Amino acid sequence: MLLKPMRYLFSWIALLWLLARIAAAQIPATLPVAELLRAGPMNGYATQREVVVWLQTWAPAQVQLLYRQEDQPEDSARITPPYFTTPETDYTVHIPIGYLEPGQRYLYNVILNDTLLRLPYQPHFQTQPLWQWRTDPPTFTVAAVSCFYVNDPPYDRPGQPYGGDFELLTQLVQYQPDLMLWLGDNTYLREADFGSPAMMSYRYAHTRSHPLLQALLATTHHYAIWDDHDYGPNDADRSYVFKGAALRLFQQYWANPTYGLPGVPGVFTQFSWGDVDFFLLDDRFYRSPNDAPEDTSKTMWGKAQLEWLIDALTSSRAPFKIVANGNQILNRYTRFESVAARFPQDYERLIGEIVRRRISGVVFLTGDRHHTELMRYQPEGFYPLYEITTSPLTAGPSTIQEENPLRLEGTLLQERNAVLLTFSGPRTDRVLTLRAIDARGTVRWTYTLRARELRPPER
């Protein structure tokens, strides 16, 4: 019973000690970020009373966060206990902050080795509102992206740099999304990286420390899955011998609420924001080779993950159920990777169970393809299933002209972009508004889905 009071007592003592030292000029009030802070801070998952913050240093360091509600005075600030970055985790650290109040925005600062950092932007996180049994669900916006390539000339392929339009990161900051969903290829492992977990770690750190990314990391909440390029070689599957190391790296560099299930490792997870449920899938760890025989054993997700997804969708009461995957799901008309085209057993099982169990509100969200498009497929006697593909963020856009009868006219973008998903409206009539934005922040197309249109017909 004394744990909570003792925690607050420690926080106050530590805060008063820190402020006294700064006031007495015993330590400098500023420290050049490049000296110790390598990347971050990054806001990870957020619930109604807890968040987690990630960051990375160049060397071993003691890390604390000084935080307060935005509408409260500075002397109300609290400080976390010290955490330590070590070489065993590539000097990354996850700092959970609990006992927060719902529906609040918190300002925070990083303290490294007892030195308060002054960043060129103000880091802040938020807690989700406690709306249930009280109000309509909150309006919120998700930024969905994939294919984030950061140039590294010594290890890039010869020729024109593959990455570009990094100003799109700054445009996303201006849109102020509540959370950001990274749909895979969030970094690009190079040929020089595939055979060494240490070099894979170098690639993750190099990408994460891009200067224009830092403000975005510190001002919205980030969730992620992977695809082939941040897992291993191009089109990598379950045979990749370093997949265990890849999973450890993903867990070090992302701050999702969970990773896989007990006894079923992977990056798949589920979380809720407002009244919307998000189901994040792992399309690599259990994946059969693309060219494996087309029999009942060929799978993208593996039996356990697919059963979990179907059961979780069945249990969900959310008006929108967003299923996020690295590869496209509905597109059977492509010669590239997709569930329908390469893994028909998983595709038929998933779509068949959605129809048979009469699961409402399913919307697919995918990346990978280096173009953006919105697809619509209507199973017989059922509501239309939509898939939003968003790609690329900074990697090279595709120039391939591919017919896709499922694509809605006017939604194909073959340039760097992101898609914003805004959920709004009263509890009984929730609306999903899609906006595709280009590197200049210009809205290129919009589309609206209503939850009531994504329900099975009455029997």
Search segment 109-135 for residues that are without any contact (Cβ under 8 Å) to a residue 60 or more places away in the chain and pair each with any residue that is of a type in the set (Lys, Arg) and open to solvent by 40 Å² or more (accessible area, probe 1.4 Å) when their beta-carbon atoms are under 8 Å apart and the residues are at least 6 apart or on different chains.
Asn109/Arg118
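Given the options Leu420, Leu432, name the one that is more than 28 Å from Val355 (Cβ to Cβ) and either open to solvent by 40 Å² or more (accessible area, probe 1.4 Å) or not basic (Lys, Arg) (or both). It would help to see each step written out before you state the result.
Numbers: Leu432 fails: more than 28 Å from Val355 (Cβ to Cβ).
Going through Leu420, Leu432 in turn, the sole match is Leu420.
Output the residues belonging to segment 262-307 that are over 24 Å from Gln48 (Cα atoms) and touching a strand residue (DSSP E or B) at 6+ places or on another chain (Cβ under 6 Å). Walk me through it before giving the result.
Pass one, segment 262-307, residues over 24 Å from Gln48 (Cα atoms): 262-266, 282-307.
If the condition is that a residue be over 24 Å from Gln48 (Cα atoms) and touching a strand residue (DSSP E or B) at 6+ places or on another chain (Cβ under 6 Å), then Asp283, Ala304 are the ones that fit.
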So which residues in segment 69-104 are touching a residue at least 12 places away in the same chain (Cβ under 8 Å) and of a type in the set (Gly, Ala, Ser), if there are any at all?
Ala77, Gly98, Gly103
Test Pro257 against the criterion of being under 25 Å from Glu88 (Cα atoms), out of contact with any His (no Cβ under 6 Å at 6 or more places or on another chain) and not aliphatic (A, V, I, L, M), and give yes or no.
yes
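For segment 355-410: of the residues being of a type in the set (Ser, Thr, Tyr) and open to solvent by 10 Å² or more (accessible area, probe 1.4 Å), which is nearest to Phe148 (Cα to Cα)? Full working, then the answer.
Quick first cut of segment 355-410, residues of a type in the set (Ser, Thr, Tyr) only: 360, 366, 372, 377, 383, 386, 389-391, 394, 398-399.
Applying the additional criterion that residues be open to solvent by 10 Å² or more (accessible area, probe 1.4 Å) yields 360, 377, 386, 398-399.
Numbers: Ser360: 32, Tyr377: 28, Tyr386: 24, Ser398: 14, Thr399: 18 Å.
Ranking the qualifying residues of segment 355-410, first place goes to Ser398.
How about segment 306-321: which of its residues are part of a helix (DSSP H, G or I) and either on the phi > 0 side of the Ramachandran plot or not small (Gly, Ala, Ser) (or both)?
Leu306, Glu307, Trp308, Leu309, Ile310, Asp311, Leu313, Thr314
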Go through segment 215-236 and give me each residue that's open to solvent by 20 Å² or more (accessible area, probe 1.4 Å) and not hydroxyl-bearing (Ser, Thr, Tyr).
Ala215, His229, Pro233, Asn234, Asp235
Please go through segment 108-131 and pick out each residue that is touching a Lys or Arg at 6+ places or on another chain (Cβ under 9 Å) and within 19 Å of Val93 (Cα to Cα).
Tyr108, Asn109, Asp114, His124, Phe125
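Taking into account only those residues within segment 247-305 that are aliphatic (A, V, I, L, M) and part of a helix (DSSP H, G or I), which is most open to solvent (accessible area, probe 1.4 Å)?
Just the residues of segment 247-305 that are aliphatic (A, V, I, L, M), to begin with: 247, 249, 255, 261, 264, 267, 276, 280-281, 292, 300, 304.
Of the ones still in play, those that are also part of a helix (DSSP H, G or I) are 247, 249, 304.
Values: Leu247: 18, Leu249: 11, Ala304: 47 Å².
Filtering first and then ranking leaves Ala304.
The values are calculated or read from the model by the stated rules, or taken from the named source; none is laboratory data. Predicted model only: the values in this text are computed from it and were never measured. Backbone-built Cβ (ideal geometry, glycine too); neighbour counts: all protein chains shown. Heavy atoms of the whole protein, side chains included, go into the accessibility calculation; ligands, DNA and RNA do not. Shrake-Rupley method; radii C 1.70, N 1.55, O 1.52, S 1.80 Å.
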